[in-house]
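A.B. asks: Quick one: the structure is below, and I'll ask about it shortly.
The values are calculated or read from the model by the stated rules, or taken from the named source; none is laboratory data. No experiment lies behind these values; they were computed from the predicted model shown. Neighbour counts are summed over all protein chains in view; Cβ atoms, including those assigned to glycine, are modelled from backbone coordinates with ideal geometry. What goes into the accessible areas is simple: the full protein's heavy atoms, side chains included, and nothing from ligands, DNA or RNA. Shrake-Rupley method; radii C 1.70, N 1.55, O 1.52, S 1.80 Å.
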Amino acid sequence: MPPRFLLTKRHPVLPLRLDNGNLCIMHRDKYLDFLLPCDMAGNYIVIIPYQGSYVGNKPVEPAVWNGVLNTEVYALLRDELALYELSIKGGKASYVKYRVNEEFLRGISLSGDAVNDVLGVINTVLTSYIKSSFMIYTAYLRLVVNNGIRFTGYREYVRGRIKIYSRDGLVIIKEGSGNEVRLSLISTLEGLDQFTSVIMSLIRSSRVINDVRLGRIGHSVRTILDVFIPNNLITLGGKGG
């Protein structure tokens, strides 16, 4: 996977090296601007999949395809994450803009000097999902973690290799082997604050985000319904994690 470039309010300048000088892509809060020529120093985030996120300052060489220069730039705007596909030919630049959701997060490693900026992106994506959903909120996470995950204060059940944690308004299903864990979260409006808090906590404690899917789950509906049929479950000591 190639590196991804990200512009934010704190890191707003990505210079592209062209034959006739640099073109600077500028973050303008609600949109991106393009300046040519430009001699500004770079200040952007480069995300290297499965390795880390870092602040960059050197001009970037665009890719060339059939005589057209191409660059993809992500931008954390005021209330959304956007992808700009930029094309440059004959000294003229054009772009197509897309709204981006949690697919941006796949392959991100929580290391490097730009981790806090990446966490800000994750929070924006999660907030956007919450605003677009209604009554029931779900998420599927596949993470590489450093240590075991505990859910203190939740009721805990087990079904084979699957552990189920529940409290008012929120159910968490955890399955994993080694350092990779797979989690499904289902929340009602009552548990929404805890839903967002748990997701951000899980991501902060992980090394690598292998997959995130908001509005989906990675376990069967039957498994979730079984939470409400205690006779089919083995209780592991009630409260605890």
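A.B. asks: When you look at LYS92, is it under 20 Å from PRO2 (Cβ atoms) and out of contact with any His (no Cβ under 6 Å at 6 or more places or on another chain), yes or no?
C.D. replies: No, not satisfied.
A.B. asks: Of the residues ILE130, ILE136, ILE122, which is farther than 30 Å from LYS9 by Cα and among the aliphatic types (A, V, I, L, M)?
C.D. replies: Step by step, each of ILE130, ILE136, ILE122 is checked, and only ILE136 is farther than 30 Å from LYS9 by Cα and among the aliphatic types (A, V, I, L, M).
A.B. asks: Which of the residues belonging to segment 151-166 are surrounded by fewer than 15 Cβ atoms within 10 Å (Cβ to Cβ) and either under 22 Å from the mean Cα position of the chain (by Cα) or more than 27 Å from GLY107 (Cα to Cα) (or both)?
C.D. replies: The answer is THR152, GLY153, VAL158, GLY160.
A.B. asks: Something else now. Of the residues that make up segment 158-175, is at least one closer than 12 Å to ILE203 by Cβ and touching a strand residue (DSSP E or B) at 6+ places or on another chain (Cβ under 8 Å)?
C.D. replies: No.
A.B. asks: Taking strands (runs of 3 or more DSSP E) that fall entirely within segment 1-113, which contain at least 3 residues that are touching a residue at least 12 places away in the same chain (Cβ under 8 Å) and out of contact with any helix residue (DSSP H, G or I) (no Cβ under 6 Å at 6 or more places or on another chain)?
C.D. replies: Here the list reads 4-7, 13-18, 21-27, 32-35, 44-48, 52-56, 68-76, 81-89, 92-100.
A.B. asks: Next up: When only residues in segment 61-74 that are of a type in the set (A, V, I, L, M, F, W, C) and open to solvent by 20 Å² or more (accessible area, probe 1.4 Å) count, which is nearest to VAL121 (Cα to Cα)?
C.D. replies: Within segment 61-74, the match that is nearest to VAL121 (Cα to Cα) is ALA63.
A.B. asks: I'd like to know if segment 187-201 contains one or more residues that are surrounded by 14 or more Cβ atoms within 10 Å (Cβ to Cβ) and free of Cβ contacts under 8 Å to residues at least 24 places away in the same chain.
C.D. replies: Among the residues of segment 187-201, not one is surrounded by 14 or more Cβ atoms within 10 Å (Cβ to Cβ) and free of Cβ contacts under 8 Å to residues at least 24 places away in the same chain, which makes the answer no.
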